[in-house]
Amino acid sequence: MTISVEVQKSFDFAADLVKQLITLSTAIIAITVTFAKDIFGVSGNCVSEWLVASWVTFFICIFFGIWTLMALTGTLNPPNQTQESPTIQGANCRIPAGLQILSFLLGLAFTITYAVKSL
């Protein structure tokens, strides 16, 4: 089975987007955990529910990102080779990708809400 350049590029772009969201989620978690005390005055057991909610949703975003990368890989190299051209439009790719994007946006909303409320 040969894959057209356009189809290959669509997989490359989708994988790059997923990797970027994983990287951003990881970075936001790391920065807020590391600097929460210095920036927002969080001390010890005084962590806001908004901050915890943002961490949880970013972890969920990372989970869905890994799922999406696995789905993209499985679509490009399925166990039972068919003659159909692979596509990123299948539900096995779209569902985890959509959930990753939604959880990333929700995590951002929680982080911004926490930052605004802590000022």
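Taken together, the values in this text are just the output of simple stated rules run on the coordinates, not laboratory data. Quick caveat, the model's predicted, so the values are computed rather than measured. Cβ placement follows ideal geometry from the backbone for every residue including glycine, while neighbour counts extend to all protein chains displayed.
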**Asked** Using +1 on the beta carbon of Lys and Arg, -1 on that of Asp and Glu, and nothing else charged, what's the dipole of the chain about the Cα centre, debye to 20?
**Response** 200 debye
**Message:** Just to check I understand the Karplus step: with θ = phi - 60° and J = 6.51 cos²θ - 1.76 cosθ + 1.60, what whole-Hz values come out for the stretch 2-13, glycine and proline as x?
**Reply:** 9, 10, 5, 4, 5, 5, 4, 5, 5, 5, 4, 5
**Prompt:** How are the Cα pair distances of the stretch 5-118 distributed, in percent, across 10 Å bins from 0?
**Reply:** 14, 38, 24, 15, 8, 2
**Asked** Taking the chain as a Gaussian network, where each spring joins two C-alpha atoms under 10 Å apart, which residue of Gly90, Gly107, Gly65 fluctuates the most?
**Response** Gly90
**Asked** Based solely on its DSSP helices, what 222 nm [θ] is calculated for the chain when runs of n ≥ 4 H residues each add -39,500 (n - 2.57) and the sum is averaged over all residues, nearest 500 deg cm²/dmol?
**Response** -28000 deg cm²/dmol
**Fill in**
Here, Leu24 and Leu76, labelled 7 Å along Cα→Cβ, have an inter-label distance in nm of 2.2 nm
**Request:** Mind checking which of Thr23, Gln100, Phe110 is farthest towards the positive end of the chain's charge dipole, using Cβ charges of +1 (Lys, Arg) and -1 (Asp, Glu) about the Cα centre?
**Result:** Phe110
**Prompt:** What are the ³J(HN,Hα) values, in whole Hz, obtained from phi via the Karplus relation 6.51 cos²θ - 1.76 cosθ + 1.60 with θ = phi - 60°, for each residue of the stretch 85-90 in sequence order, with x given for Gly and Pro?
**Reply:** 6, x, 9, 7, 7, x
**Prompt:** Working out 0.36 nm times the residue gap between Asp12 and Phe35, then minus their Cα-Cα distance, what length gain in nm do you get to one decimal?
**Reply:** 4.9 nm
**Asked** Taking the Cα atoms only, what angle lies between the long axis of helix 91-118 and the longest principal axis of the chain, rounded to 10 degrees?
**Response** 10 degrees
